[in-house]
Amino acid sequence: MRIFNLNRGIGWASSGVEYAQIYRARLLRMIQADAKFIFTDLFTYENIEHLTKAIGFQDEEVMWLYGFFTDFSVEPCSYTFRDLEKTLEEGSYRTEEHADYIRYVFQGKDAYINA
């Protein structure tokens, strides 16, 4: 039997709902129950893996609705800023550092990448 838990979202400042879910996850692990925690929000600026790992979920316990329909699994980021910069022509962009992302602005073009 598999147990499913549904929640709309998760963030860096989790609510009581998320803390109740992680408490439930720990109890279910203790009895070796097969449990999945499903999050339905669209996460466009964060990797859901970072958010769920920070509170204590294991990657294999987490199902993200978008990932389910696209066959993406919940995993930590493996592509770094350095990896991105290696693909860009040197001197063709400038960077702007923001609180939670870096913007690569391309010189002479109306284009940028948020990473």
**Request:** Only one of these is surrounded by 10 or more Cβ atoms within 10 Å (Cβ to Cβ) and farther than 15 Å from Leu6 by Cβ: Glu85, Glu89, Glu61. Name it.
**Result:** Glu85
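Only one residue in Ile10, Ile31 is over 28 Å from Ala99 (Cα atoms) and among the β-branched types (Val, Ile, Thr), so which one is that? Before you say what the answer is, go through the steps one by one.
Values: Ile10 fails: over 28 Å from Ala99 (Cα atoms).
After ruling out the rest, the residue left standing is Ile31.
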**Message:** Take the residues in the stretch 6-42 that are touching a residue at least 24 places away in the same chain (Cβ under 8 Å) and farther than 17 Å from Lys53 by Cβ; name whichever of them is nearest to the chain's Cα centre (by Cα).
**Reply:** Leu42
**Asked** Quick check: is even one residue across the stretch 70-80 out of contact with any His (no Cβ under 7 Å at 6 or more places or on another chain), more than 21 Å from Ile113 (Cβ to Cβ) and of a type in the set (A, V, I, L, M)?
**Response** yes
**Prompt:** Any residue in the stretch 48-55 that is more than 14 Å from the chain's Cα centre (by Cα) and of a type in the set (Lys, Arg)?
**Reply:** no
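Report yes if Asp83 is free of Cβ contacts under 8 Å to residues at least 60 places away in the same chain, out of contact with any helix residue (DSSP H, G or I) (no Cβ under 9 Å at 6 or more places or on another chain) and within 29 Å of Phe39 (Cβ to Cβ), otherwise no.
Values: free of Cβ contacts under 8 Å to residues at least 60 places away in the same chain: yes; out of contact with any helix residue (DSSP H, G or I) (no Cβ under 9 Å at 6 or more places or on another chain): yes; within 29 Å of Phe39 (Cβ to Cβ): yes.
Against the criterion (free of Cβ contacts under 8 Å to residues at least 60 places away in the same chain, out of contact with any helix residue (DSSP H, G or I) (no Cβ under 9 Å at 6 or more places or on another chain) and within 29 Å of Phe39 (Cβ to Cβ)), Asp83 qualifies.
Quick note: the coordinates plus some simple rules give every number you see, no bench work behind them. Remember, predicted model here, so these are calculated numbers, not experimental data. Here Cβ is always computed from backbone atoms with ideal geometry, including for glycine, and neighbour counts include all displayed protein chains.
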